[in-house]
1. For the range 119-170, how many residues are buried (at least 22 other Cβ atoms within 10 Å of the Cβ), touching a Ser or Thr at 6+ places or on another chain (Cβ under 7 Å) and either of a type in the set (Gly, Ala, Ser) or not assigned by TED's automatic domain parsing to the domain that holds residue 84 (or both)?
2. Of the residues 177, 198, only one is under 25 Å from the mean Cα position of the chain (by Cα), surrounded by fewer than 16 Cβ atoms within 10 Å (Cβ to Cβ) and assigned by TED's automatic domain parsing to the domain that holds residue 132; which?
3. Testing residue 197 on (1) part of a helix (DSSP H, G or I); (2) of a type in the set (D, E, K, R); (3) farther than 22 Å from residue 162 by Cα, one condition comes back false. Which one is that?
4. Just give me the residues in the range 271-296 being modelled with pLDDT under 60 and either exposed (fewer than 12 other Cβ atoms within 10 Å of the Cβ) or within 15 Å of residue 22 (Cα to Cα) (or both), in sequence order.
5. Inside the range 111-149, can you point out the residues that are small (Gly, Ala, Ser) and under 16 Å from residue 92 (Cα atoms)?
6. Only residues that are in a helix (DSSP H, G or I) and more than 26 Å from the chain's Cα centre (by Cα): list them for the range 94-151, please.
7. Within the range 299-319, count every residue that is in contact with a Ser or Thr (Cβ under 8 Å, 6 or more places away or on another chain) and at pLDDT 90 or above.
8. Cβ-Cβ distance below 8 Å, separation of 6 or more or different chains: which pairs start in the range 316-345 with a residue that is closer than 23 Å to residue 163 by Cα and touching a residue at least 60 places away in the same chain (Cβ under 8 Å) and end on one that is of a type in the set (Val, Ile, Thr) and surrounded by fewer than 17 Cβ atoms within 10 Å (Cβ to Cβ)?
Amino acid sequence: MTATRKIDIQSFFGRSVSIAPLVNFRIIFGLLMLFGVSRFVLKGWVSDLYIEPEFHFSYYGFEWVEALPGNWMYLPFLIMFLSCIGIILGAFYRLSTILFFGCFTYVELIDKSYYLNHYYFVSLIAFLLIFLPANRDFSLDVRRNPEMFQSEVPAWNVWIIRFQMGVVYFFAGLAKLESDWLLEAQPLKIWLQAYRDLPVIGALFASSWLAFFFSWFGCIYDLTIPFFLSARRTRKIAYLFVLIFHIVTWLLFPIGVFPWVMICCTSIFFSVDFHEKIRGGLKRIFRWNERSSVQSVKRGGKLIMLPVGIYIFIQLALPFRYLAYPGELFWHEQGFRFSWRVMLMHKEGHATFYVRDRETGRELEIDNERFLTEVQEDQMATQPDFILEYAQLLKETYRDTVLQFGIQSFHIVDPEIHASVHVSLNGRPSKLFVKKETRLDDKKDNFAPIQWIEAF
């Protein structure tokens with residue numbers, strides 16, 4: 001049995017398929033990213049999120065990633081814009097994908113306040129495209145160098161993208177197998193109340209049954225859709241559900257272009273015949289004539305099995321790292337990011353910070369708006385790693401400074417940072433998250449289980 005499986009795996013990596021799905025995906029992804037980058041700049045988010053804030057919350061291990069000074073922050077977006085054009089046209093494709101992946105991931109690493117699952121997804125897809133020969137047909141690279149042309153690629157080139165799409169859906173569904181989502185319809189029950197005042201259909205959104213219907217349907221949809229898309233007999237009806245599901249979520253919830261990214265990228269599951277028709281149609285529109293009959297396929301053989309296997313293992317294992325931490329995941333959020341937990345949590349918090357003089361015991365209440373934007377403060381008030389990083393900022397800010405208390409002032413050399421934090425999770429009453437007695441500036445953010453927050 002082991003020998004048979006080994007042969008099957010080698011056969012899978014060795015066999016070839018049409019390059020058409022890869023070419024179409026390259027163009028679709030490039031167009032989506034071109035729209036996304038343009039939208040980000042035109043809406044003023046570069047300035048609002050990266051230029052104006054004086055402080056950014058960093059990812060653990062990436063504290064060295066900083067925003068470029070002033071308007072230089074527009075540079076990575078300009079590079080991404082040009083790279084998207086290169087990806088669409090297949091021009092200097094390898095350089096274009098590397099630059100896009102590097103700049104996009106760099107921007108996302110600047111501040112974890114803006115973490116979204118679909119940003120993580122884009123980085124992963126961009127990373128994969130670096131190594132996939134999606135420019136070996138219908139590209140300016142082939143026009144410039146006809147010997148690059150391939151009509152076929154190794155099957156894993158297409159399946160690795162399907163795998164990544166399947167991971168997003170399946171793990172999003174797996175994460176929904178929990179009591180708040182299935183038994184309480186939370187947080188959908190909270191979010192749908194925003195539409196209760198709509199004429200005619202407002203009462204529908206105010207009802208509990210709709211929230212439960214969306215919750216159960218969303219769970220079943222995410223768990224099954226990759227398999228229905230993979231089967232030829234169910235693919236068409238499955239894609240109809242993809243359209244309905246993502247258009248509804250786009251209409252109801254402020255999640256940006258993510259639904260359209262999933263709608264378009266899911267086309268990678270379509271048959272080779274479908275993709276060849278699309279590619280053929282595009283070639284006719286642009287009067288594209290092949291200049292080469294070279295159709296070699298670089299299979300990679302055993303050499304490619306190891307890195308692909310490592311990538312697959314990481315994607316399957318990373319969402320389960322939360323199991324290493326005791327307690328309620330949505331409360332402490334250790335292992336929450338990068339695990340495809342989409343729209344599962346509604347948290348509201350209020351954090352009051354204090355700078356305390358160790359010698360006299362006097363303390364000063366901090367106005368968080370002096371240091372953080374509204375988005376940053378909202379994120380900070382519910383997440384332990386944010387709280388610790390903010391505490392370090394306050395310690396450095398008030399170290400060796402003069403504090404004013406009414407008409408009195410005194411010099412503080414080594415301040416202590418404390419906070420009283422209360423958090424509400426998925427509609428529950430607000431509970432104590434961090435008690436004021438806890439000293440925060442001497443705590444370190446690491447991968448160890450958090451001991452200093454209150455139990456859920």
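The values are calculated or read from the model by the stated rules, or taken from the named source; none is laboratory data. On a predicted model such as this, the values are computed, not experimentally measured, just so you know. Neighbour counts are summed over all protein chains in view; Cβ atoms, including those assigned to glycine, are modelled from backbone coordinates with ideal geometry.
1. 1
2. Working: 198 fails: under 25 Å from the mean Cα position of the chain (by Cα).
When all the criteria are applied, what remains is 177.
3. In the conditions (1) part of a helix (DSSP H, G or I); (2) of a type in the set (D, E, K, R); (3) farther than 22 Å from residue 162 by Cα, residue 197 misses (1) alone.
4. Applying the first criterion (modelled with pLDDT under 60) to the range 271-296 yields 292-296.
Selection gives 293 alone.
5. Filtering the range 111-149 down to residues small (Gly, Ala, Ser) leaves 113, 123, 126, 134, 139.
Hits for the range 111-149 are 126, 134, 139.
6. Filtering the range 94-151 down to residues in a helix (DSSP H, G or I) leaves 94-110, 112-114, 117-131, 140-144, 146-148.
Within the range 94-151, 140, 141, 142, 143, 144, 146, 147, 148 qualify.
7. First, the residues of the range 299-319 that are in contact with a Ser or Thr (Cβ under 8 Å, 6 or more places away or on another chain): 299, 318-319.
Filter once more, keeping what is at pLDDT 90 or above: 318-319.
Qualifying residue count for the region: 2.
8. 343/255
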